[in-house]
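Read the structure below first, then the notes.
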Amino acid sequence: MEAHKFEKGQRVVYPAHGVGVVESVEKQSIFGQEIDVVVISFNRDKMVVRLPLNKSISKKVRQLSSPNEMNEAVDCLRKPGRTKKMMWSRRAQEYETKINSGDPLSIAQVVRDLHRSATQPEHSYSERQIYQEALDRLVREYAAVADIDEQQAKEYLEKTLAA
């Protein structure tokens, strides 16, 4: 994503935090040097991030997924979950890596694998935390792509998981 492609009000994905809104592109003085930065706000988290506009920005920020990419992620939720036979700490680390990748399909895999139906035993605290983090990220991007509110997106994704 090039510097001139950022526009005020544009929704973008910063993999470490999810969907945010571009507030501005501005110059800032840092240690006496003027640099261009993009200002992205994450209202839900009450956070603002300022990222320098350099060549590596395309690795840090991406445009919203296409509807086809989101459909692929939703389709993943319909498949049976996969639980690997390894220590929870190792699986948790893999799940966090997938969530922080910002890739909706990887995030959907985490949601699918950690989803529990009403008839299954309760998650541990750390499993619930990771599940909720993944679901929140997927809900936010799905809502932005489908142009619906987050509650509607959450209801749809949870219904898809239960099917």
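The values are calculated or read from the model by the stated rules, or taken from the named source; none is laboratory data. It should be emphasised that the depicted structure is a prediction, and the values quoted were computed from it without experimental measurement. Note that each Cβ is placed from the backbone with ideal geometry, even for glycine, and that neighbours are counted across all protein chains shown.
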### Task
Sort out which residues of segment 45-60 are among the charged types (D, E, K, R) and free of Cβ contacts under 8 Å to residues at least 24 places away in the same chain, and write them in order of number.
LYS46, ARG50, LYS55, LYS59
### Task
Tell me which residues, restricted to segment 149-160, are surrounded by 14 or more Cβ atoms within 10 Å (Cβ to Cβ) and either out of contact with any Lys or Arg (no Cβ under 7 Å at 6 or more places or on another chain) or of a type in the set (Val, Ile, Thr) (or both).
ALA153, LYS154, TYR156, LEU157, GLU158, THR160
#### Entry: Number of the condition not met by LYS84 [criteria: (1) under 16 Å from VAL19 (Cα atoms); (2) surrounded by fewer than 11 Cβ atoms within 10 Å (Cβ to Cβ)]
(1)
## Note on the structure
Taking segment 87-99 and keeping only residues that are in contact (Cβ under 8 Å) with a residue 12 or more places away in the chain and more than 11 Å from VAL110 (Cβ to Cβ), one is left with TRP88
#### Entry: Filter result for the condition that a residue is modelled with pLDDT under 85 and touching a strand residue (DSSP E or B) at 6+ places or on another chain (Cβ under 8 Å), over ILE40, ILE57, ILE30
ILE57
### Query
Quick one: in segment 136-157, which of the residues that are under 11 Å from GLY18 (Cβ atoms) and basic (Lys, Arg) is farthest from the chain's Cα centre (by Cα)?
ARG140
### Task
Could you please let me know if LYS84 is touching a helix residue (DSSP H, G or I) at 6+ places or on another chain (Cβ under 8 Å), free of Cβ contacts under 8 Å to residues at least 24 places away in the same chain, among the charged types (D, E, K, R) and closer than 30 Å to GLU7 by Cβ?
no
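Let's see how each residue does on (1) surrounded by 11 or more Cβ atoms within 10 Å (Cβ to Cβ); (2) within 19 Å of GLU133 (Cα to Cα); (3) under 18 Å from the mean Cα position of the chain (by Cα); (4) not assigned by TED's automatic domain parsing to the domain that holds LYS98:
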position: GLU7; (1), (2), (3), (4): no, no, no, yes
position: GLY18; (1), (2), (3), (4): yes, yes, yes, yes
position: GLU26; (1), (2), (3), (4): yes, no, no, yes
position: ASP36; (1), (2), (3), (4): yes, no, no, yes
position: ASN71; (1), (2), (3), (4): yes, no, yes, no
### Task
Inspect segment 23-44 for any residue being at positive phi, touching a residue at least 60 places away in the same chain (Cβ under 8 Å) and not in a helix (DSSP H, G or I) and give the result as yes or no.
no
### Query
With respect to the numbered conditions (1) β-branched (Val, Ile, Thr); (2) within 24 Å of VAL13 (Cα to Cα); (3) more than 12 Å from the chain's Cα centre (by Cα); (4) not assigned by TED's automatic domain parsing to the domain that holds GLY20, which one is the sole condition not fulfilled by THR83?
(2)
